[in-house]
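Asker: Could you have a look at this structure, given as structure tokens, before my questions?
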Amino acid sequence: MPYKGLNIPRNTNNKLGSNVTLVSAANLPGLNSLGISMARIDFAPYGLNPPHTHPRGTEVLTVIEGTLYVGFVTSNLPNGGNRLFTKVLYQGDVFVFPQGLIHFQFNVGKTPAIAIVEFSSQNPRVITIANAVFGSKPPISVDVLSKAFQLDQKVIQKLQSLFWMDNNH
């Protein structure tokens with residue numbers, strides 16, 4: 001059975017201004033055991049797919065419409081640092097986000113944007129960094145987070161009190 005509806009724009013009227021529609025073995029059984037999946041990402045003007053990671057797969061993004069500022073952060077460099085790689089992408093451009101690395105996409109245009117992504121996994125999973133760190137239930141200790149981020153405990157409490165939304169559907 002085919003998956004129908006990837007051509008339909010999704011609602012981006014949310015705090016992030018984006019919406020991710022995943023097509024995986026869960027809703028397209030024909031993908032089972034093939035080791036691939038895909039998604040459509042809709043962006044409102046200035047919409048963001050926030051920093052996140054896919055622990056089980058590499059992501060290949062193609063811009064269908066609009067202009068996106070994208071990037072990923074490498075980690076564990078020989079000098080102990082992290083390096084940000086970014087690019088502005090236009091219609092038809094393709095970018096690769098290596099498996100497990102933190103990455104993001106931001107619509108820098110004044111019009112909506114659309115991207116199609118392919119994953120090297122039938123279940124790439126997603127971990128949105130802010131949600132995981134500040135929105136976990138039960139919450140991570142304020143003492144732990146204030147020391148890790150070198151922030152005042154009141155700032156951490158404020159961040160933990162915010163509603164952390166999930167734009168992945």
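Asker: Provide, for region 54-169, the number of lysine pairs with alpha carbons under 30 Å apart, each pair being eight or more places apart or on different chains.
Answerer: Working: Lys87/Lys110; Lys137/Lys147; Lys137/Lys154; Lys137/Lys158; Lys147/Lys158.
Number of lysine pairs found: 5.
Asker: For region 1-97, which chymotrypsin sites (Phe, Trp or Tyr not before Pro) are in a loop by DSSP, counting at most 13 other Cβ atoms within 10 Å?
Answerer: Counting only loop positions with at most 13 other Cβ atoms within 10 Å, the chymotrypsin sites (Phe, Trp or Tyr not before Pro) in region 1-97 are Tyr46, Tyr90.
Asker: Kindly state, to the nearest 0.05, the FRET efficiency for Ser136 paired with Thr111, given R0 = 45 Å and r defined as their beta-carbon distance.
Answerer: Efficiency, from the Cβ-Cβ distance: 0.80.
Asker: Determine the shape class of region 1-120: with a ≥ b ≥ c the square roots of the Cα gyration tensor eigenvalues, call it rounded for a/c under 1.5, and otherwise prolate if a/b is greater than b/c, oblate otherwise.
Answerer: Values: a/c = 2.07, a/b = 1.16, b/c = 1.79.
It comes out oblate by the Cα gyration axes.
Asker: Would you mind putting 148-155, 161-168 in packing order, based on average other-beta-carbon counts within 10 Å, highest first?
Answerer: Numbers: 148-155: 11.5, 161-168: 13.8.
Ranking, from highest mean packing down: 161-168, 148-155.
Asker: Residue-wise, which Karplus ³J(HN,Hα) couplings in Hz belong to region 58-66, taking 6.51 cos²θ - 1.76 cosθ + 1.60, θ = phi - 60°, and x for glycine or proline?
Answerer: Using θ = phi - 60°, the values come out as 7, 10, 10, 10, 10, 7, 8, 8, x Hz.
Asker: If you don't mind, another one. Using helices alone, I'd like the mean residue ellipticity at 222 nm for the chain: each DSSP H run of four-plus residues gives -39500 (n - 2.57), total over residue count, nearest 500. Intermediate values should be presented prior to the final figure.
Answerer: On the way: 3 runs with 23 residues, N = 169.
Using -39500 (n - 2.57) per qualifying helix, the result is -3500 deg cm²/dmol.
Asker: Take every Cα pair under 8 Å in the chain that's 6+ residues apart, average their separations, divide by the length, and report that relative contact order as a whole percent. All intermediate terms of the calculation are to be shown ahead of the outcome.
Answerer: Numbers: 380 pairs, mean separation 47.0, N = 169.
Reported relative contact order: 28 percent.
Asker: Classify region 112-152 from the C-alpha gyration tensor, please: rounded if a/c falls under 1.5, else prolate or oblate depending on whether a/b exceeds b/c.
Answerer: Details: a/c = 3.38, a/b = 2.25, b/c = 1.51.
Note, shape of region 112-152 comes out prolate.
Asker: I need the shape label for region 1-60. Rule: rounded when a/c is under 1.5, else prolate if a/b > b/c, else oblate, with a, b, c from the alpha carbon gyration tensor. Provide the component values of the computation, followed by the final result.
Answerer: Numbers: a/c = 3.25, a/b = 1.49, b/c = 2.17.
Oblate shape, in that a/c is at least 1.5 and b/c is the bigger or equal ratio.
Asker: Name the trypsin sites (Lys or Arg not before Pro) in region 84-152 that are in a loop by DSSP and that have at most 11 other C-beta atoms within 10 Å, would you? Each step should come with its number before you reach the end.
Answerer: Numbers: sites: Lys87, Lys110, Arg125, Lys147; in loops: Lys110, Arg125.
The qualifying sites are Lys110.
Each reported figure results from applying straightforward, stated rules to the coordinates on display, with no laboratory input. Fair warning: this is a prediction, and the values are worked out from it, not measured in the lab. As a convention, Cβ positions derive from the backbone with ideal geometry for all residues, glycine included, and neighbour counts pool all protein chains shown.
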